[in-house]
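Notes follow the structure.
The values are calculated or read from the model by the stated rules, or taken from the named source; none is laboratory data. Quick caveat: nothing in here was measured; it's all calculated off a predicted structure. Methodologically, a virtual Cβ is constructed for each residue, glycine included, from the backbone with ideal geometry; neighbour enumeration extends over all protein chains shown.
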Amino acid sequence: MDLAEYAASTVIRRGRAAFSAPRYSVWKAPGLSPVPPHTTLPSNFIRIVHAAAAAALGMEDLILITGGAGFIGSNFILQWMAEEKFRVLNLDKLTYAGNLHNLQSVESHPRYRFQQGDIGDRDLVRTLLERERPRAIVHFAAESHVDRSIHGPDDFIRTNVNGTFSLLEEARAYWSDLPEKDRQAFRFVHVSTDEVYGSLGPNDPAFCETTSYAPNSPYSASKAASDHLVRAYHHTYKLPVLTTNCSNNYGPYQFPEKLIPLMILNASQGKPLPVYGDGQNVRDWLYVADHCRAIRTVLAAGRTGETYCIGGIKEMPNLEIVETLCQLLDELRPDDSVVPHKNLVTFVKDRPGHDRRYAMDTRKIARELNWHPVETFETGIRKTVRWYLEHENWVQGVTSGSYRQWMAKQYATEL
Ligand SMILES: NC(=O)c1ccc[n+]([C@@H]2O[C@H](COP(=O)([O-])OP(=O)(O)OC[C@H]3O[C@@H](n4cnc5c(N)ncnc54)[C@H](O)[C@@H]3O)[C@@H](O)[C@H]2O)c1
């Protein structure tokens, strides 16, 4: 019996406890050279054990979510827990954008577990993969706010590029050691954005899966780099990856530095509504639950190595969004100090390099996977406004401390 066989059989006998036994005194392998008790094992021993265990035991009914405490990740986990069977392990660093309050309703659910950590921490990721043996990774973790990427791009490169690279490397090592049938079944879903495609003119056709990449901000450049790495891991190593590129999301639990929650909260508090430039930048908006359904569809049925464009097929200029929100607030909060709320609109200096128009052609995911958004913009935006008005505690929790400092820095010179 060689070391790997012995390790595998021991792991099968002892189960998970074997992973916490990094000493020869526990791993007394028959046929191996005797070593003094309490000797620390050579560094590759644990690796051999884990690889052998992975090969012997295969995958668990569990998915690893990265960035699950953020806006889309937490919506995804809540939907997953309600509608799917597999367990969830949520790996999140808890940056300013990560908020465990989003997941309070599932925090003690037997199928949910949280692990605080950085996707760039390779030892941690390796241990999690080898110990938990997920059948899929759904990768949301990212620095995601364009304005922040303009003020300080470092974190965007660190997490979005280097972090994704680390995750891919560890996923590849884990996947390579799986039994063949599990290698076939494993999936790595990379959640990305339409912003990698750059900006459209007013009459250009919408972005689609074959549109050339032309990122314009440090955020979109870092996401584009991660998309390329994911693609390369499929072409080079055959890692079963899928990439989704989605348009702007809105809905519950979005950090209020982004357009829609920012406007709802400012308007309901009688504060100015800062609109960039002339307000005519066009975005394609999708209700977050529809995005989560699309990712689940791609995970379940997408073709590996493919990318899927996702969007709400609802292009709107930012000013129209703000005016729609103001009308809803006039209806829902008629006694606010400033009504009509649109009197609060204030035009501020445009964001540098502000992309003019994004639009998504979603025909591929509709045709191949039969995904279509359930919400219209009208139904989704009404639900969203109501949610923010009804969740004052959540809003207060995220709009204290560092959020205030950020808002002061971002808008101080403009308002
Ligand atoms: N918000 C949108 O409209 C939109 C649209 C399309 C695609 N996306 C993509 O979807 C993903 C999620 O977006 P979001 O809006 O939920 O972002 P978010 O900023 O709300 O959440 C990001 C989450 O990742 C975590 N995180 C950040 N760095 C990490 C690290 N190094 N290790 C582990 N966790 C880390 C944060 O703590 C946070 O919980 C991103 O990859 C983003 O590019 C977002």
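Structure data summary
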read-out	value
Selection from segment 212-250 of residues that are surrounded by fewer than 24 Cβ atoms within 10 Å (Cβ to Cβ) and part of a loop (DSSP other than H, G, I, E, B)	Ser212, Tyr213, Ala214, Pro215, Asn216, Ser217, Lys238, Leu239, Pro240
Scan of segment 269-281 for residues that are in contact with a helix residue (DSSP H, G or I) (Cβ under 9 Å, 6 or more places away or on another chain) and surrounded by fewer than 20 Cβ atoms within 10 Å (Cβ to Cβ), ordered by number	Gly270, Lys271, Pro272, Tyr276, Gly277, Asp278, Gly279, Gln280
Filter result for Phe165 (at pLDDT 95 or above, surrounded by 23 or more Cβ atoms within 10 Å (Cβ to Cβ), within 15 Å of the ligand (Cβ to nearest atom) and not acidic (Asp, Glu))	no
Residue count for segment 101-122, restricted to those that are more than 9 Å from the ligand (Cβ to nearest atom), touching a helix residue (DSSP H, G or I) at 6+ places or on another chain (Cβ under 9 Å) and modelled with pLDDT of 95 or more	11
Matching residues, segment 142-162, being outside any helix (DSSP H, G or I) and either in contact with an Asp or Glu (Cβ under 7 Å, 6 or more places away or on another chain) or away from the ligand (no atom under 11 Å from the Cβ) (or both)	Glu143, His145, Gly152, Pro153
Flag for Tyr213 being closer than 23 Å to Val138 by Cα, within 11 Å of the ligand (Cβ to nearest atom) and in the same structural domain as Asn75 (by TED's automatic domain parsing)	no
Members of segment 116-167 found to be in contact with a Gly (Cβ under 8 Å, 6 or more places away or on another chain) and free of Cβ contacts under 8 Å to residues at least 40 places away in the same chain, listed by number	Leu124, Arg158
Segment 225-239: number of residues that are in contact with a strand residue (DSSP E or B) (Cβ under 8 Å, 6 or more places away or on another chain), of a type outside the set (Ser, Thr, Tyr) and within 16 Å of the ligand (Cβ to nearest atom)	3
Candidates Gln280, Gln269, Gln254, filtered to the one that is within 12 Å of the ligand (Cβ to nearest atom) and closer than 21 Å to Leu344 by Cβ	Gln254
Unique residue being more than 16 Å from the ligand (Cβ to nearest atom) and in the same structural domain as Thr379 (by TED's automatic domain parsing) when the list is Leu242, Leu262, Leu299, Leu319	Leu319
Enumeration of residues in segment 64-81 that are buried (at least 23 other Cβ atoms within 10 Å of the Cβ) and farther than 14 Å from Tyr253 by Cβ	Leu64, Ile65, Thr66, Trp80
Among the candidates Glu209, Glu257, residue that is on the phi < 0 side of the Ramachandran plot and either modelled with pLDDT under 95 or in a strand (DSSP E or B) (or both)	Glu257
Some residue of segment 175-188 being within 16 Å of the ligand (Cβ to nearest atom), assigned by TED's automatic domain parsing to the domain that holds Gly117 and either in contact with a helix residue (DSSP H, G or I) (Cβ under 7 Å, 6 or more places away or on another chain) or under 21 Å from Asn281 (Cα atoms) (or both)	yes
